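The values are calculated or read from the model by the stated rules, or taken from the named source; none is laboratory data. As the structure is a computational prediction, the values presented were derived from the model and not from experiment. Using ideal geometry, Cβ is built from the backbone for each residue, glycine included, and neighbour counts are taken over all protein chains shown. Quick note on the areas: whole protein, heavy atoms, side chains included, nothing else; ligands and nucleic acids left out. Shrake-Rupley method; radii C 1.70, N 1.55, O 1.52, S 1.80 Å.
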Amino acid sequence: MGIILNFLLNYITLAFAIAAFVIIIAVLCVKRKSLPKNTNQVLILLLILLIIYFAFIIWITIAAGGNQPTSPPMPITE
């Protein structure tokens, strides 16, 4: 499970997903009428998967954002 989370939360994966999201939105807006029906459906499916991925990233960020220690850190005395 750790390998999957490391992959999903990686900056490179996130950058690729953002770029793919922008490209898919642009293609759907510009060539909506001229695309074959199958291609249009595949692009919409990919768009839905990317939206689910972004929702997961936001959920993980919010869930881990409140992960603060109960007391301030104490230095180790020797």
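Details
- Relative to the dominant Cα principal axis of the chain, helix 11-30 is inclined by about 30°.
- Sequence ranges 35-42, 65-72, ranked by mean other-Cβ count within 10 angstrom, highest first: 35-42, 65-72
- Loop chymotrypsin sites (Phe, Trp or Tyr not before Pro), segment 1-52, which have at most 10 other Cβ atoms in a 10 Å radius of their Cβ (DSSP): none
- The portion of the accessible surface of the chain made up by carbon and sulfur, rounded to a whole percent, is 74 (1.4 Å probe; DNA, RNA and ligands excluded).
- Folded to 0 to 90 degrees: helix 37-65 orientation relative to the chain principal axis, Cα: 10
- 15 Å tail of the calculated P(r), the chain, as % of Cα pairs: 69
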